[in-house]
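What follows is calculated from the coordinates using simple rules that are stated; it is not laboratory data. Treat the numbers as computed from the prediction; the structure is a model and nothing was measured. So basically every Cβ, Gly included, is an ideal-geometry build from the backbone, and we count neighbours across all protein chains shown.
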Ligand code: CP
């Protein structure tokens, strides 16, 4: 019997798309930031903290490497990456999960005419998880739906899809914000809870190429889950955030404004999320005409910073983030890099249901 055709993602509502990607009310494939609700985000942030603590000694690190030694991961990264690729490989190593990689399709049978769809289906026979970075929006989602129809369904994690989404970056970003803005309550033991009002009254500014920055899009989706958060979108008019994101922000009643110059806004910010010009998407060098100076954070602005400001950047950076700021306590972008390894470990552990074993181990040996 012929399989029913898979509807293209664009024809589905967001709820239908999430339903096709989730299993048992939690993400199975990780493709869209909208798959994560507040409880899931808190669970992953606290699990990241536990993995970080457990990894701090040999006995704990050895325990973690037993958890997924019977599973295998494939990293199919056909777009350049340093952080996402290496933090996922480190996460696999932390959990004892052997992995393999395809980074250059010129070394695969795609040069003989095999389609990428067929390649992914082949990979699905050898591995238990596919982590994917791809230049085409929707490709990871399309493959997830395709694998859902196969006998041996396995999860796909989107490690960056075109200009569209980068959900695991958003998770590590929100984990970084959780670490910046969470204080232990009186009598609270172990890893602190992530309060629902963690971002209430906080102003988070997104700066730079917001039109083509997939990390910003995914992080906005997550932050909309938190009541009272305020957003500023600080970008050249031609690179302002797309209307679909603004419609989403409106749906969640988030207070926001558009700003044209970072210097005017920086003094009000609790977090500033810098991004580089994404000129790899230019068709004819059009963004070379843009004056990016007004969307750059420079050392002379430091006196304007709030003491608790979190300066963030998904990296790589160019001159929009002055390296003379690197040693300020407000600079959190190197923390983001390391947090990505813990968060990606937590995510894989959660997908494969070894999160409870980690929590039990943490509460037995590390909680105080
Ligand atoms: N932040 C980020 O996605 O970096 P890479 O492109 O190096 O993976």
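When a/c is below 1.5 the answer is rounded, else prolate if a/b is larger than b/c, else oblate, so apply that to region 18-123 with a ≥ b ≥ c taken from the square roots of the Cα gyration tensor eigenvalues.
In terms of gyration-tensor shape, oblate.
How high is the FRET efficiency between residue 322 and residue 268 when r is their beta carbon distance and R₀ equals 25 Å, given to the nearest 0.05?
After rounding to 0.05, the efficiency reads 0.80.
Under a point spin-label approximation (7 Å from Cα along Cα-to-Cβ), what is the residue 110-residue 279 distance to one decimal in nm?
About 2.6 nm, to one decimal.
Can you tell me the length gained on complete extension of the stretch residue 243 to residue 13, counting 0.36 nm per residue apart and subtracting the Cα distance?
81.1 nm
Springs between alpha-carbon pairs under 10 angstrom, Gaussian network model over the chain: which of 44, 147, 222 fluctuates most?
Between 44, 147, 222, it is 147 that shows the largest mean-square fluctuation.
So if I take the centroid of the Cα atoms in region 120-143 and the same for region 235-311, what is the distance between those two points in Å?
32
Please find, in a Gaussian network model of the chain (springs between Cα atoms separated by less than 10 Å), the residue of 140, 271, 284 whose mean-square fluctuation is greatest.
284
Neighbour counts of other C-beta atoms within 10 Å: give me 344, 142 arranged from fewest to most.
142, 344
Have a look at the DSSP beta bridges in the chain and tell me what percent are antiparallel, nearest 5.
Rounded to the nearest five, the antiparallel share is 10 percent.
Divide by every residue of the chain the summed helix terms, -39500 (n - 2.57) for each DSSP H run of at least 4, and state the resulting mean residue ellipticity at 222 nm, rounded to the nearest 500 deg cm²/dmol.
-11000 deg cm²/dmol
How would the chain be classified by its alpha-carbon gyration tensor: rounded, prolate or oblate, with rounded meaning a/c under 1.5 and the a/b versus b/c comparison settling the rest?
oblate
Label-point separation (nm) for residue 122 and residue 188, each offset 7 Å from Cα along Cα-to-Cβ?
5.0
Pulled fully out, how much extra length does the chain show between residue 356 and residue 66, if you take 0.36 nm times their separation in residues and subtract their Cα-Cα distance?
103.0 nm
Which of 241, 120, 157 moves the most in a Gaussian network model of the chain with Cα springs under 10 Å?
Looking only at 241, 120, 157, the largest GNM fluctuation is found for 120.
So, in Å, what gap is there between the alpha-carbon centers of region 319-368 and region 146-199?
So the separation of the two Cα centres works out to 10 Å.
Using a ≥ b ≥ c from the Cα gyration tensor of region 190-283 (square roots of the eigenvalues), is it rounded, prolate or oblate, where a/c under 1.5 gives rounded and otherwise the larger of a/b and b/c decides, a/b for prolate?
Taking the square roots of the gyration eigenvalues as a ≥ b ≥ c, region 190-283 is prolate.
What ranking do 311-320, 345-354, 208-217 get when scored by the average of other Cβ atoms within 10 Å per residue, highest first?
Packing proxy ranking, top to bottom: 208-217, 345-354, 311-320.
Quick check: pseudo-label points 7 Å beyond the Cα along Cα→Cβ at residue 24 and residue 149, how many nm apart are they?
2.6
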